[in-house]
Structures are given as C-alpha cells and as structure tokens.
Amino acid sequence: MRALVAGGAGFIGSHLCDRLIADGLEVVCVDNLITGNFNNLDKIKNSPLFKFFKADVSAPIDPEIIPDGVDLIFHLASPASPNPRSPLSYLNHPFETLSVNSIGTRNLLYLAQMYHAKFLFASTSEIYGDPKISPQKEDYWGNVNPNGLRSCYDEAKRFGEALTMAYYRKFKTDVRIVRIFNTYGPKMDKRDGRVIVNFINQALENKPITIYGQGSQTRSFCYISDLIEQLNLAMFDPKTTGEVFNLGNDHEFTIKRLADLIITLTDSQSKIIYEDLPEDDPTNRCPNLKKLENVLNYFLHVSLRDGLLKTIAYFRSGIV
Ligand code: NAD
Ligand code: UDP
C-alpha cells in the first residue's frame, strides 16, 4: 500500500510518515519546507520505502511522483502557528496558507479521484472560531470572523472542508475530514511560536514566561502519539468515509495553569509576565470526542504531564 503525505516534513506529518513506514507502507512525502524541516525525517530518509519530493502542492502536482498511483492521501500541508512573532506563522504567510488549503486541497483531491485513493483533509479546531458552546461537537458551525486576523487560516480551512465534501458528493471520492485540536510534542520547531513550545523554551532558559492576556483562556492539549493513532483510525476505518471527526484531547486547561505546570516540570526560575492578548484569540477550546470514542473506539493514552515531560526532554536534548 502506498501513501502520499503532503506536509510530511512538518511536525505532525513527519510523525505520521515514521508511523506509516514502521507499518510497512510505502510513503511519498511532498513538502515545500515552508514551515517544515527535512531533519524531521532523519529516522526514515534512507528507508527503501520512503521518497521525498520538495514541491509546492498549491502548484500542479507532477504525476511522475506517483507513476504507479497511490492508495492513501493525507493532506497535512499548511502553516499552522497563529503567532505573528514566529517566522513560521500563517500570519506571515497569508497567501501561501490560503492557497495550500484551497488550490492545494483541490490538486490533491484531483489525484485522489484519479487514483481512487482514500483522502484525509487535516482541518482544525480553528474552524469553530471563538466558540459559543463548549465542548465543541462536529455539528457546531462555529463563530468565525470571516475577515479578521486569523481568517487566512480559518476560512481557508473552512473552504478546504467544503471542497472535500463537494468531491465526496459529486464524485463519491473516499474522503474524510479531521479537525485537529492543539497538538504538541517532539519535532515541533523551536521558532514555532505556539504556546507549549514558547513556554518550555522560556522555562528551560529561565526567561520570562509570556502569557498573552490574563491566562484565563483555555485550550485542550493532545500529545502527538495519541493524535497519530487517531489519524490512522480516521484514514483506515470504513465508517469515516464522508464524515467529520474532532481529533485531540478533551482535558481542558487554562493557559495560566499550563504555565505553572511547565515551570514546575522544568524546575525553572522563570517568572510569568503578561502581554497583550492577540486579536480574535479564542477564549476557550475543547473538543467533544464522543464521535471518536463511539465510532472509532479511541480512548486517550497520554496525560498532559507525561506528554510535557517527553516534550521537555526533546527540547532539553538540543536536537532542534
Ligand atoms: P507544520 O508547519 O509543522 O507542518 C506543515 C507542513 O506542511 C510543513 O512541513 C510545511 O513545510 C508543509 N507545507 C506547507 N505548505 C505547503 C505547500 N504549499 N506545499 C507543500 N508542503 C507545504 O504544522 P503541523 O503542526 O504539523 O500541522 C500539520 C497540519 O495539521 C496543518 O494542516 C495544520 O493546519 C493542521 N493542524 C495542526 C494543529 C496542531 O496543533 N499542530 C492543529 C490543528 C490543525
Ligand atoms: N499564548 C500565550 N503565550 C505564548 C503563546 C501563546 O499566552 O507565548 C496563548 C495564545 O494567546 C492562546 C493560547 O496560548 O490563547 C494558545 O496559543 P497557540 O499559539 O498555541 O495556538 P491557538 O490555540 O491560539 O491556535
């Protein structure tokens, strides 16, 4: 079986490639490295099952990268950090973000239709915007600012979802949409700007921990190994065709509590400082995972504490 992983050199994509290779699949990774890093693929880059193509999936995709077709397409390609202070942020790449989730999705869906491949679109909890209900269930339509600061990401993902469902309804392409909630772990880029990366690196360097706003906003953090299991189930289980699934972890924490926990786990001397809350920063976010549990029978394995310890060990090791 052959899988194409678009965005396979990124944080989630590279863990997925590792897993697919370990399971004996052939993997074709396509990535333009706009926010990813080829070093993330160190473990598998020499595997005879693995091929890497540096290419932009928003441009027409050369069918020669998969001359014998493909069985599975994972579309994970997109900048993902909302932090404008990071060079990797989608806010610093708005047109690339809009393109990869619209034109890029179209290009990959076209391949899926041509080769009768199963297709998975990595959408996001951001499509719920600043949610007015909690936890967020898949049938909630969200509360999104259509032209606000984050719209280049949120609306592009919403368009990507619409396009994916259009292929399903019109051509019966074997698609599924997953809405990924905040995920963290080793292989995140130190410059990423998302909260766990910032707090761990600030704590390890005994620098001030930067809480934006009062720290009362909530997020629910999923460790990468749980997410990879969920992604696999979502792709392979026949009950996911044409369906939308929340993926993540439903234990909700305030950002202040996260900061305190990271200071404790790193035994840091860092003090907390409070900075301005960015525009349209969601006040809360927590997935309703009943569908994942009931349909795919998935239950979480890694607690926030254990996941943070593994992530801290990664950043402490200085691999990045
Ligand atoms: P990441 O930035 O580490 O990985 C994204 C990868 O896509 C990078 O390797 C990047 O170079 C590649 N890419 C971007 N545009 C491309 C293009 N036009 N052509 C080819 N490659 C391209 O981010 P991540 O955290 O691993 O996120 C992966 C996917 O999951 C994204 O689609 C993101 O929107 C989604 N997601 C992630 C999270 C999270 O918490 N990490 C949450 C919700 C959704
Ligand atoms: N945040 C913070 N300090 C940081 C980075 C982020 O307080 O150094 C906050 C951010 O404002 C948001 C939450 O942490 O409320 C999660 O931010 P992240 O960038 O990880 O992703 P988001 O969930 O907003 O997409």
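Quick notes on this structure:
- Ordering LYS132, LYS157, LYS118, LYS170 from the fewest to the most neighbouring beta carbons within 10 Å gives LYS170, LYS132, LYS118, LYS157.
- DSSP-loop trypsin sites (Lys or Arg not before Pro) across region 244-293, with at most 14 other Cβ within 10 angstrom: LYS271
- The calculated 222 nm mean residue ellipticity attributable to helices in the chain amounts to -11000 deg cm²/dmol, summing -39500 (n - 2.57) over DSSP H runs of n ≥ 4 and dividing by all residues.
- One Cα centroid belongs to region 287-315, the other to region 89-141; the line between them spans 22 Å.
- Sparse-neighbourhood loop sites, GluC sites (Glu not before Pro) in region 146-208 - DSSP loop, at most 16 other Cβ within 10 angstrom: GLU205
- The ranking of VAL5, VAL295 from fewest to most other beta carbons within 10 Å of each one's beta carbon is VAL295, VAL5.
- The chain pair-distance distribution - Cα-Cα, 10 Å bins, rounded %: 6, 28, 37, 23, 6, 0
The numbers here are math on the coordinates, done by the rules we state, and not lab data. Since the structure is predicted, the reported quantities are computational estimates derived from the model, not experimental observations. For neighbour counting, all protein chains shown are included, and Cβ atoms are generated from backbone atoms with ideal geometry for every residue, glycine included.
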